[in-house]
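As structure tokens, the structure follows; a few thoughts come after it.
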Amino acid sequence: MEVLEIKDIALKQKHIDLGAKMVQFAGFNMPLQYTGLIDEHLNVRNNVGIFDVSHMGEFMIKGEGALDLIQRITSNDASKLVPGKVQYSCFPNTQGGIVDDLLVYMLGENNYMLVVNGANVDKDWDWVVKHNSSGVDIKNISDSISLLAIQGPNAQKMLQPLTNMDLEMTYYTLQQGIFAGVDNVIVSSTGYTGAGGYEVYFHNKDAETIWNAIMKAGEKVNAKMAGLACRDTLRLEMGFCLYGNDINDTTSPIEAGLGWITKFSKDFVNSDNLKKQKEEGVTKKLVGFELIDRGIPRHDYEIVDANGNKIGVVTSGTQSPSLNIPIGMGYVKTEFSKVDSEIYILIRDKKIKAKVVSMPFYKG
């Protein structure tokens, strides 16, 4: 049996020194939590938290044919991008599912960066290579890049002293410049928390310099480290999909409520079938729900109707730290997908009443 090598992020020792609980995630040793999930979660919502998400993958697509390749393999319309803009998209597969969801960064003319999920880097790279039939210049730089996410309402106040780039940025934009004295750092107004803030991309060789500067800047605003555990609860409160839970190789973007990133103004992998699905409707849909009775929904719990008939499955669930109520996402038969529909979650063979609600759960 093949033993998978667990990779280390460049700043691993820094997290251990801070007392982080480390876990194996997406093939990396990653910090799960520091002071505790609820403390970290609420600090990001109300102040600012520092996440190391260097497990994410980065692919460079450059030169002639770069846009054509991206248009063929992603569902969103990348022709709408201009330099300095970021777009959320996905790689549809040929079976109606999703290879991965990703961000497309337009760095300049014919110059793009794709940011993919850490657990899917190899699979995604193979997918891009397979579809690069016209010899576009592509490069997987994942192993040489570190990524820190500075998230929360005080992120701008914290980071602005470290750069001459104006961090008063609209959502889903990017700048490239000098940050903490290091050149060619990418700062984007993106994140996976719904709390506002930035993601900062830099080379591993500059990791210590940038880490030290960010930690020092954080002291002035009482920033705290934040781990993967609260990243998950923060994204769930916003109704953001997590690959492997809410979307995967068998769920279509239409079923997942991602029709808004599925543009049929162009041809892309499996676009004809997905267009047909959009026009004819789907049999299941991803919904958000709140529990009315006591209990906590978990991944893979069954969703049933009032008579106990299975109508779906929970994909993500937790006790929301911000709202202090149990929330979740899951696929249900389309007839149960309307807001206020009554559904039940099977928890230890007991039917726990819930209702479908609109997302995000956390309105801020």
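The values are calculated or read from the model by the stated rules, or taken from the named source; none is laboratory data. What you see is a predicted model; the values in this text were computed from it and never measured. We place every Cβ from the backbone using ideal geometry, glycine too, and count neighbours over all the protein chains shown.
Worth pointing out:
- Within the stretch 76-85, the residues that satisfy the criterion of being surrounded by fewer than 20 Cβ atoms within 10 Å (Cβ to Cβ), touching a Ser or Thr at 6+ places or on another chain (Cβ under 9 Å) and either in a loop (DSSP other than H, G, I, E, B) or hydrophobic (A, V, I, L, M, F, W, C) (or both) are ASP77, GLY84.
- The condition (being in contact with a strand residue (DSSP E or B) (Cβ under 9 Å, 6 or more places away or on another chain), within 30 Å of GLY36 (Cβ to Cβ), surrounded by 13 or more Cβ atoms within 10 Å (Cβ to Cβ) and not assigned by TED's automatic domain parsing to the domain that holds ASN43) is satisfied by just one residue among ILE345, ILE311: ILE345.
- Taking the numbered list (1) assigned to a strand (DSSP E or B); (2) under 19 Å from the mean Cα position of the chain (by Cα); (3) closer than 24 Å to VAL200 by Cβ; (4) β-branched (Val, Ile, Thr) in turn, ILE138 passes all entries but (2).
- If you check GLY227, GLY196, GLY257, GLY288 for being in the same structural domain as ILE343 (by TED's automatic domain parsing) and either crowded, with 16+ Cβ neighbours inside 10 Å or without any contact (Cβ under 8 Å) to a residue 12 or more places away in the chain (or both), only one passes: GLY288.
- Test for ASP100: is it within 16 Å of GLY57 (Cβ to Cβ), touching a strand residue (DSSP E or B) at 6+ places or on another chain (Cβ under 8 Å) and not hydrophobic (A, V, I, L, M, F, W, C): yes
- Unmet criterion (only one of (1) more than 25 Å from ALA226 (Cβ to Cβ); (2) surrounded by 15 or more Cβ atoms within 10 Å (Cβ to Cβ); (3) small (Gly, Ala, Ser)) for GLY108: (2)
- Residue identified as over 18 Å from GLY244 (Cβ atoms), within 21 Å of the chain's Cα centre (by Cα) and free of Cβ contacts under 8 Å to residues at least 40 places away in the same chain among MET22, MET60: MET22
- Within the span defined as the stretch 55-75, one or more residues are modelled with pLDDT of 95 or more, closer than 30 Å to LEU323 by Cα and not in a helix (DSSP H, G or I).
- Residues of the stretch 165-193 satisfying the condition of being within 14 Å of LYS85 (Cα to Cα), β-branched (Val, Ile, Thr) and exposed (fewer than 15 other Cβ atoms within 10 Å of the Cβ): THR170
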